[in-house]
Each structure stands twice: as structure tokens, then as C-alpha cells.
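Asker: Pasting in a structure now, in C-alpha cells, and then I'll have a few things to ask.
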Amino acid sequence: MTSPGWDNAAPGVLEGLCRTLDWELAEYWEVDGPREAMHFVTSWKRPGRDTTAFEATAANQTYRRGEGLAGRVWEAGGPIAMPDLAGDPTPRSAAAVASGLHGIVGFPVRSGRRVVGMISLHTWAARGLDDGLVAVMNDVGSQIGEFVERKRAEVALQDSEKRMRSVLDNVSDGLATIDQAGIIDSGNPAVVKLFGYSEQELVGQQADILIATTHRSAFDNYLQRRLQLDIPVSGAHETMGKRKNGSLFPLEFVVSSMQVGARHLFIATLRDISERKAHTDALEYQALHDALTGLPNRSLFGDRLRQALLAARRNQKMFGVLLLDLDRFKDINDALGHDRGDSLLQEVTARLRGVLRATDTIARLGGDEFATSSAPRARSSPRSRARLPSPTRWSKRARRSGSPCIRSTATTPAHCCAARTWRCTSPSAQAAATRSISRSRRRRRCAVQGSPASCAARSRKVSWSSITSPRSPWRRARSTRSRRSSAGTTRGRA
């Protein structure tokens with residue numbers, strides 16, 4: 001394929017050869033490398049005789065190596081002369097003779113050692129080669145070959161740049177070229193769309209204009225290390241990008257280098273990863289949180305518990321761990337269904353969140369088991385207790401089935417003594433449980449300073465069944481109070 005520059009210059013070159021060397025007609029043929037054939041490109045003829053029929057035979061004619069005059073010149077790599085075409089049987093020779101052309105000479109057009117084309121010169125009379133003509137045509141052929149190749153390379157480069165520009169204009173990632181001073185040299189439409197700047201606004205600016213202020217120092221350090229060619233830095237990095245309107249977004253960037261002539265440039269590939277980060281965060285949240293209540297699960301609670309232990313040891317402070325489970329939760333599921341059981345778990349979660357601090361960790365370990373960890377605090381204030389909502393009732397059947405109790409075990413790293421307490425959804429049951437537990441504490445106290453074994457031996461295990469049992473002290477005391485109240489009422493009526 002010829003270049004536009006040679007296409008424009010070729011007729012003038014052929015005219016100059018004909019007028020200088022006294023020839024009537026000149027043609028230029030070019031090698032088509034992919035097709036391995038030589039085809040006609042252009043020609044020039046002196047005004048006068050009509051050679052239209054001869055010129056028409058070249059329009060669609062192609063020659064392979066060794067075929068016709070063009071093919072023989074291509075194969076030989078040197079000039080070939082045919083003084084008189086009258087005896088040549090080829091179709092083009094017959095058309096040339098019919099147009100009055102007899103002598104023809106062909107010269108190769110070279111680029112280095114490679115033949116890239118051929119120039120044929122035609123005359124009315126028979127004419128052969130001479131040393132002067134050969135010397136001139138060899139020189140002309142070499143110059144034309146270098147010119148053609150140079151123009152061909154320029155065209156190929158322009159085509160490559162157009163294709164590259166087309167790719168850059170349609171790629172989804174933002175691309176910006178940066179020089180060694182950290183100045184933006186160019187940007188594609190994707191980077192313009194990503195940050196809201198026009199290309200004219202970006203060019204000439206420091207590259208960190210695209211980075212959030214709080215992250216610019218780290219980005220500049222990375223860029224400086226990358227700009228030093230002897231320090232390889234590879235892989236994608238994440239930072240916070242900043243748009244023209246000031247909005248921030250998670251940004252992933254990769255910097256690679258390239259050599260453009262004498263300039264060393266760097267290509268920054270920029271990508272908005274907001275959707276990917278949101279998807280990753282959602283998956284991480286699902287992996288570490290309970291789907292029903294939204295509380296941290298056993299895995300996340302264990303991790304936070306380990307961190308709290310390390311902080312407590314480092315700061316020489318205590319923190320509390322509270323383990324809770326719901327008594328008779330199975331009865332709720334069996335009597336009212338799992339939907340009501342799920343609602344109960346959600347209600348328990350809401351109540352725990354209502355009375356605990358934002359810095360405390362509440363987790364659902366599984367089933368009806370919950371756990372909390374918190375730093376030490378003062379005794380609960382009436383204000384905190386006032387935040388507890390009223391019990392939730394669903395039906396008479398729920399009241400007959402009894403109120404589930406939250407049984408908890410509280411421990412602290414300061415000692416291993418465990419105290420079991422209950423918080424019931426029924427106010428009367430809660431009051432009864434509180435009185436029974438207070439009574440048991442007064443009877444058998446556990447010294448905090450004692451060893452774990454002695455604490456466990458002296459602590460009394462109080463269960464909900466022991467509180468509601470007919471033999472429990474609370475039930476006997478209640479029966480006694482009821483009998484006394486009944487006797488007082490009878491005497492009053494009398």
C-alpha cells in the first residue's frame with residue numbers, strides 16, 4: 001500500500017524522469033507484501049498519441065515473481081530492458097505495440113536490499129540500456145524507495161496512533177499520562193468523566209489533584225518511588241479519589257512506565273471501585289453478622305473479645321462479659337410458631353441495644369444465646385432501667401404458656417466468680433426473681449477475693465424452676481402472706 005505522500009509526488013517524479021531522460025511514458029508498480037504480488041499504482045505520459053488501450057491493461061493487472069516485466073525485475077533485483085516488444089507474446093506487449101510503443105526498460109525501487117516497487121519507461125522507438133541510464137535509475141530507485149518506506153512508516157504510525165486513540169477513547173478505565181515531575185500530560189475521556197475535569201483542566205496539573213487531601217501524602221510517596229526507575233513498584237493500590245465537585249470515592253490505581261522518544265512517561269490506570277467495595281462490604285457483613293437480628297455473630301464476637309482482652313491487659317483494666325440465653329424459648333416456637341420466635345429474638349435484640357452503650361458489643365451466638373462485652377461501668381441508673389420497654393403480649397395462649405426469661409452469666413477478668421441472674425418479660429416474675437436472688441445473696445455471699453474454686457463452691461445456683469417451685473422460700477412466703485391477708489380481711493368484715 002502506497003503512502004498519501006508518494007501518491008501525490010509520484011506523477012511529478014515520473015514526469016521528471018521522462019522529460020530528463022527523453023522517454024514517452026512511465027509507470028510505477030509496487031509490491032504488495034501480504035499478497036506477494038506487484039500491482040500498478042500510477043503513470044505519466046507525454047501529450048500526443050493515444051495510449052488509452054495500453055494504459056487500461058494495467059488497471060487490474062498483477063504480477064508474481066518472474067511474471068511479466070515487473071515480475072522479472074522483482075525477481076532479479078536489477079534493471080531489465082526489452083528493446084523491441086514486437087516479438088514479445090504477452091498481452092500487454094501486444095497492446096503496447098498497437099499503441100505505438102516499442103522500447104521498454106524496468107528498474108527496481110529498493111529500500112535497503114529489499115525491492116519495494118518498479119519503474120518502467122516506454123518509448124516509441126526501440127531502445128536499450130546504457131551505462132548512464134542504469135546509473136541514474138539505480139540512484140533514483142534507491143531514493144524513491146527510501147522516500148516510499150519513510151512515508152509508509154509515517155502512515156503506519158499515524159494509523160497506529162488513530163487506533164490507539166480510538167481504544168483509549170472507548171476504554172472504561174481512566175487513563176492519564178504523567179511525566180517525571182508528576183505533572184499530568186494527557187487524559188482519556190474516561191478520566192474526564194470519572195473526575196469531572198475537562199482534559200484542558202487536567203493537563204499541566206499535579207497528579208495528586210485527583211486524590212483526597214487526607215491521602216495525598218501516601219500517593220505522592222508511592223509516585224516518587226515509582227518514578228525512580230531503579231525501584232520497582234507493581235500491583236494495584238487503593239486510595240480515596242476526589243472529584244472536581246469535592247466528592248470522595250474509593251479509587252484503585254496502577255502506574256506503569258513507557259518510553260516515548262526521549263521522554264519517559266508513566267501511565268496511571270484509574271478505576272472507581274465503589275460498587276466493588278460495597279459488594280465486598282456486604283459480603284463481609286453477611287459473613288460476620290446474624291441475618292435475623294443484625295448482631296455480630298460468634299466469629300466477630302470472638303475477634304472483638306480477643307481485642308478487648310489485649311486492651312485490658314495492656315491498660316490494666318477490667319471489662320465485663322455477659323452470656324445470656326432465653327429459658328423456655330422452645331415453648332414459644334412450639335406454641336406460637338417460628339415467626340413469633342424470630343420476633344421475640346428481634347425484640348430481645350432491640351431491648352439489649354436500648355440499655356447498653358454504643359461502645360458495648362452485643363452478639364448472637366446462635367439459637368437463643370446472646371453475649372455482650374463492655375468496659376466497667378457504675379451501677380445501672382434508674383434512667384437506664386427506665387429505657388426498658390413494657391412486655392410484649394401476643395395472645396392469651398402466650399400468657400398461659402408463661403413468659404420466657406433471659407438467664408445470664410456475667411464474668412470479668414478480675415475474678416472467676418460467676419453470678420447467675422434473670423431478667424423476665426413478666427413484671428411479677430421479674431420482681432419475684434429479684435427478691436429470691438437477693439435473699440440467696442444475703443444467705444450465701446461469695447467473696448470476690450477468694451480463689452475461683454472457693455468462689456464456685458460458695459456460689460449458689462438459682463434457677464427459674466427453684467423460684468417457681470412450691471417448695472421455694474419465695475412461694476412459702478407468698479402463701480403465708482396470702483393467708484395473713486385473707487385472715488385480716490375476714491376480721492375486718494366481722
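Where a number appears in this text, it was derived from the coordinates with a stated rule and is not lab data. Quick caveat: nothing in here was measured; it's all calculated off a predicted structure. All Cβ positions, glycine included, derive from the backbone under ideal geometry; neighbour counts span all protein chains shown.
Asker: Per residue of segment 207-222, in order, report the coupling 6.51 cos²θ - 1.76 cosθ + 1.60 (Karplus, θ = phi - 60°) as ³J(HN,Hα) in whole Hz, putting x for Gly and Pro.
Answerer: Rounded to whole hertz, the list is 5, 6, 5, 8, 10, 4, 4, 5, 10, 5, 4, 5, 5, 4, 4, 4.
Asker: Now a separate question. Among TRP29, TRP124, TRP44, TRP23, which comes first, second and so on when ranked by fewest other beta-carbon atoms within 10 Å?
Answerer: TRP124, TRP44, TRP23, TRP29
Asker: In whole Hz and in residue order, list the ³J(HN,Hα) couplings for segment 134-145 that follow from phi through the Karplus curve 6.51 cos²θ - 1.76 cosθ + 1.60, θ = phi - 60°; x for Gly and Pro.
Answerer: Working through the residues one at a time gives 4, 5, 5, 5, 5, 5, 5, x, 5, 5, 4, x Hz.
Asker: Now a separate question. By what distance, in whole Å, do the Cα atoms of segment 4-162 stretch along each of the three principal axes, largest value first?
Answerer: So the three principal-axis extents are 50, 30, 30 Å.
Asker: Could you tell me which residue out of MET318, LEU344, GLY367 lies farthest along the dipole of segment 304-380 toward its positive end? Charges go on the beta carbon: Lys and Arg +1, Asp and Glu -1, centred on the Cα centre.
Answerer: Projecting each Cα onto the dipole axis, the largest value belongs to MET318.
Asker: By how many nm would the segment from TRP124 to ARG313 lengthen if fully extended, with 0.36 nm per residue of separation less the alpha-carbon distance?
Answerer: Working it through step by step, the gained length comes to 57.0 nm.
Asker: Evaluate the distance, in nm, between pseudo-label points positioned 7 Å from the Cα of ARG150 and of ALA282 along their respective Cα→Cβ axes.
Answerer: Distance between the two pseudo-spin positions: 6.1 nm.
Asker: Something else about it: Per residue of segment 279-295, what does 6.51 cos²θ - 1.76 cosθ + 1.60 with θ = phi - 60° give for ³J(HN,Hα)? Whole Hz please, x for Gly and Pro, Karplus curve as stated.
Answerer: Karplus-based 3J(HN,Hα) across segment 279-295 equals 5, 5, 5, 5, 5, 5, 5, 5, 6, 10, 10, 6, 5, 6, 9, x, 7 Hz.
Asker: Report the local net charge at GLU146: Lys and Arg +1, Asp and Glu -1, summed over other residues whose C-beta lies under 13 Å from its C-beta.
Answerer: Its environment carries a net charge of +3.
Asker: Can you compute the modelled spin-label distance between ASP220 and ARG163, with each label point 7 Å from Cα toward Cβ, in nm?
Answerer: Simple spin-label model gives 4.1 nm for this pair.
Asker: Could I ask something else about it? Any idea what the relative contact order of segment 171-276 is, in percent, if you count C-alpha pairs under 8 Å spaced at least 6 apart?
Answerer: 28 percent
Asker: Cut-off is 10 Å between beta-carbons; in what order do THR213, THR359, THR349 appear when sorted fewest neighbours first?
Answerer: Listed from fewest to most nearby Cβ atoms, that is THR359, THR213, THR349.
Asker: Could you please rank TYR222, TYR285, TYR28, placing first whichever residue has the fewest other Cβ atoms within 10 Å of its Cβ?
Answerer: TYR285, TYR222, TYR28
Asker: With a point put 7 Å past each Cα toward its Cβ, work out how far ARG64 is from LYS244 in nm, to one decimal.
Answerer: Going by the 7 Å Cα→Cβ label model, 6.0 nm.
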